[in-house]
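First comes the structure, then the notes that go with it.
The values are calculated or read from the model by the stated rules, or taken from the named source; none is laboratory data. Since the structure is predicted, the reported quantities are computational estimates derived from the model, not experimental observations. Note that we place each Cβ from the backbone using ideal geometry, even for glycine, and neighbour counts take in every protein chain shown.
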Amino acid sequence: MKRYYTNAQIYRDGHFETGMLVEEYGVLVAAGTPSEGDCVVDLGGRHVVPGLIDVHVHLREPGFGYKETIATGTAAAAHGGYTTVCSMPNLNPAPDTAATLGEQLVLIERDAVVHVVPYGCITMGQRGGGERADMAAMAEHVVGFSDDGRGVQNDEEMRLAMQEAARLGKPIVAHCEVNELLKGGYIHDGDYCRRHGHRGICSESEWAQVKRDIELVEQCGCQYHVCHVSTKESVELVREAKRKGLPVSCETAPHYLIFTDADLQEDGRWKMNPPIRSAEDRAALIAGIQDGTVEVIATDHAPHSAEEKSRGLEKSAMGIVGLECAFGALYTHLVKPGVITLERLIDLMATNPGRLFGLGGKLTQGAKADFTVLDLDACYTVEPEQFLSKGRATPFAGMPLQGRAVMTVVEGRVAYQDEIMNTK
């Protein structure tokens with residue numbers, strides 16, 4: 001049986017066109033005329049885009065199921081329009097060998113409702129230093145290697161890891177943070193920090209390691225991707241690396257593009273690593289997504305328990321959730337005001353991460369039937385208690401938004417469907 005998705009605005013080759021998608025056995029096939037027994041779904045003129053891809057999420061399992069599970073995290077992803085997510089290795093056990101990675105793969109196979117492609121660690125125990133993880137043993141099953149949550153502190157260790165990643169044909173995906181520059185900080189070292197007596201995280205703690213890593217890329221030729229860029233200096237370093245033709249890319253997150261440290265409140269839902277920074281940093285990030293320096297927007301979805309996020313800015317755990325409101329937040333705050341086009345947003349959330357990480361991201365004949373139906377007229381307020389994630393802490397709570405996913409299809413299977421969608 002074929003399934004015909006008709007009356008749609010479909011994103012192909014950089015623009016939207018009126019048409020239909022046809023799926024059979026989980027694959028997109030050539031359009032035709034429905035036969036008896038086929039299913040026809042009228043999408044009511046809504047927009048259909050390649051399934052959103054988030055290359056930076058924390059699914060917390062194994063080891064921290066009280067924060068999130070594969071089941072709840074991927075349900076949240078589908079709710080937000082994501083068909084593929086890449087899970088970070090902040091787990092217990094950390095995926096640093098074939099055996100420890102295997103524990104995660106079993107859970108993914110059993111419980112995931114969207115595609116989950118994990119990262120393997122760079123170092124044993126994901127400690128940011130010491131013995132290197134068994135990268136070769138994991139390479140077949142991971143999207144790349146990361147110690148997200150910790151920067152690799154030793155230059156020689158990172159150089160050797162890059163050489164091994166290059167040999168294996170996998171990217172290094174780096175959380176850039178110089179430990180000796182942190183000095184107990186937990187929010188951006190800016191005006192809000194100083195006015196309210198907090199300890200700040202300086203921008204150099206991020207960009208200094210970005211600079212070091214790009215210099216190592218010149219030596220090793222490794223594909224290199226910077227996680228959650230938040231500073232103007234990091235953007236310029238990546239821009240210069242691209243001018244040199246180096247295999248360097250980066251991501252930022254919705255909260256860095258929409259908020260500044262002037263928006264901070266004395267609440268754990270405003271605490272994440274790296275922190276929300278200054279208006280100048282935000283402007284540089286926006287310029288980066290406009291000119292192509294920043295090619296990916298990822299959520300850094302990082303759920304914690306309510307108790308862990310209830311201790312204020314100083315003592316709450318680092319991390320917020322984002323999968324279920326990312327598209328709406330970006331559409332409302334960037335597309336509606338004309339900062340970027342809808343087409344550019346879809347490239348940042350689907351096409352580019354698919355291309356950079358080999359994860360698809362196009363609605364072409366023969367591709368997996370992974371796509372998202374967007375209702376751009378839907379207006380709503382972010383209500384974290386309605387999230388499918390276990391996490392509730394988000395700076396977007398209570399914010400009115402426009403635009404959301406109303407259907408998420410993964411290999412032809414409906415992984416999420418809003419009640420307004422009436423299929424037949």
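Residue count for region 229-238, restricted to those that are assigned to a loop (DSSP other than H, G, I, E, B) and either without any contact (Cβ under 8 Å) to a residue 60 or more places away in the chain or surrounded by fewer than 16 Cβ atoms within 10 Å (Cβ to Cβ) (or both): 2. Restricted to region 314-424, the set of strands (runs of 3 or more DSSP E) holding at least 3 residues that are in contact with a helix residue (DSSP H, G or I) (Cβ under 9 Å, 6 or more places away or on another chain) and crowded, with 20+ Cβ neighbours inside 10 Å comprises 400-410. Any residue at all in region 186-207 that is within 23 Å of the chain's Cα centre (by Cα), part of a helix (DSSP H, G or I) and among the hydrophobic types (A, V, I, L, M, F, W, C)? Looking for residues that are within 23 Å of the chain's Cα centre (by Cα), part of a helix (DSSP H, G or I) and among the hydrophobic types (A, V, I, L, M, F, W, C), one finds at least one in region 186-207, hence yes. If the condition is being within 14 Å of residue 291 (Cα to Cα) and surrounded by fewer than 23 Cβ atoms within 10 Å (Cβ to Cβ), then region 239-266 contributes 239, 240, 242, 243. Scanning region 90-122 for residues that are surrounded by 22 or more Cβ atoms within 10 Å (Cβ to Cβ), in contact with a helix residue (DSSP H, G or I) (Cβ under 7 Å, 6 or more places away or on another chain), closer than 19 Å to residue 165 by Cβ and of a type in the set (Val, Ile, Thr) yields one hit, 122. Going through region 213-228 one residue at a time, which ones are touching a residue at least 60 places away in the same chain (Cβ under 8 Å) and not in a loop (DSSP other than H, G, I, E, B)? Residues satisfying the conditions are 216, 219, 220, 224, 225. When the residues of region 67-89 are filtered to those that are of a type in the set (Gly, Ala, Ser) and closer than 17 Å to residue 373 by Cα, which remaining residue is surrounded by the fewest Cβ atoms within 10 Å (Cβ to Cβ)? By that ranking, first place goes to 75. Taking residues in region 246-264 that are free of Cβ contacts under 8 Å to residues at least 40 places away in the same chain and assigned by TED's automatic domain parsing to the domain that holds residue 325, and partners anywhere that are of a type in the set (Lys, Arg) and assigned to a loop (DSSP other than H, G, I, E, B), the pairs with Cβ atoms closer than 8 Å and at least 6 places apart or on different chains are 256/277; 260/277. Only one entry in 134, 155, 148 is assigned by TED's automatic domain parsing to the domain that holds residue 255, more than 24 Å from residue 295 (Cβ to Cβ), among the acidic types (Asp, Glu) and crowded, with 16+ Cβ neighbours inside 10 Å, namely 134.
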